[in-house]
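Take a look at the structure set out below.
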Amino acid sequence: MRDERVRHIMTAAVVSISVHEPVTEVLRLFANQPLHHLPVVDGLELKGMLSSADMLKLEFFVPKSGTQVSASLLNDRFRIDTMMRRPVVTARLDDTIADAASRMITHGFHALPVINENSHLVGIVTTSDIMQALLHGMGLKPRPEQDEATRTPTELEMRRAIEAAESARLKGTDTDGVAASMLFLHKRNALLEALRQDVARYLHGQDERVHTRLVKHIERLGQTGQESELSIPL
């Protein structure tokens with residue numbers, strides 16, 4: 001009932017740009033569309049990635065008057081194939097959400113282009129997609145080879161993602177706050193699960209002790225911005 005693969009949370013209608021396009025076309029796309037990441041392709045094959053941050057290096061050269069001469073100078077000086085990031089860190093359609101999250105944390109990226117077995121671009125998955133999946137209760141399903149593990153598969157996948165986030169925070173490599181966001185959502189998800197369980201008990205038994213815990217749960221949920229432990233023992 002719950003789908004846990006990248007193919008189920010990615011954006012399939014991804015905007016991309018040909019490696020042969022002029023740099024001014026990149027600027028036009030970032031200016032006219034709500035984009036932060038732009039895959040670079042040659043035909044269908046993924047070749048590189050550009051981000052809105054990459055475009056900051058062009059700021060000094062961006063034509064202020066919009067004249068054709070200024071645009072030509074910009075295109076002569078810069079090319080997409082020299083500005084894009086490569087090799088590209090990617091995700092596959094059947095990668096788990098935990099795999100994608102761990103890869104983002106390790107490399108400090110907010111998005112991963114998704115490719116098929118032919119290295120053709122088929123979508124993009126972002127930190128926002130992963131956060132939405134977590135908030136909506138999607139599991140972190142493991143790869144088939146983990147079925148014989150002593151822990152349940154979902155616990156193993158979650159543990160690996162959380163450990164990667166904690167490591168990034170301790171090493172000071174979480175410059176974009178991806179790991180901090182993952183840890184926050186993990187704690188908040190634990191609190192929401194505890195709240196769900198107590199709500200179920202209260203509705204079935206009207207237990208006064210459970211009522212008290214429900215009040216505490218709700219109070220703690222209001223402390224979203226505080227550095228407090230969000231789980232409450234049952």
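Read-outs throughout are calculated quantities, based only on the coordinates presented, and are distinct from any laboratory measurement. Everything numeric in this text was worked out from a predicted model, so none of it was measured. No Cβ is skipped: glycine too gets one built from the backbone with ideal geometry, and neighbour counts run over all protein chains shown.
FRET efficiency for E25 and E45, Cβ-Cβ distance as r, R0 = 25 Å, nearest 0.05? Write out the running numbers ahead of the final one.
Details: r = 19 Å, r/R0 = 0.75.
With a Förster radius of 25 Å, E is 0.85.
May I ask you to derive the FRET efficiency for K187 and N32 from their Cβ-Cβ distance with R0 = 30 Å, giving the value to the nearest 0.05?
Working: r = 38 Å, r/R0 = 1.28.
The value I calculate is 0.20.
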Here the gain from full extension of K57 to Q132, 0.36 nm per residue of separation minus their alpha-carbon distance, amounts to 23.8 nm
Cα pairs beyond 25 Å in the stretch 6-126, in percent, come to 25
Length gained if D76 through E163 is fully extended, taking 0.36 nm per residue and subtracting the Cα-Cα distance, is 26.7 nm
Expected sort for L46, L185 with the fewest Cβ neighbours (10 Å cutoff) up front is L185, L46
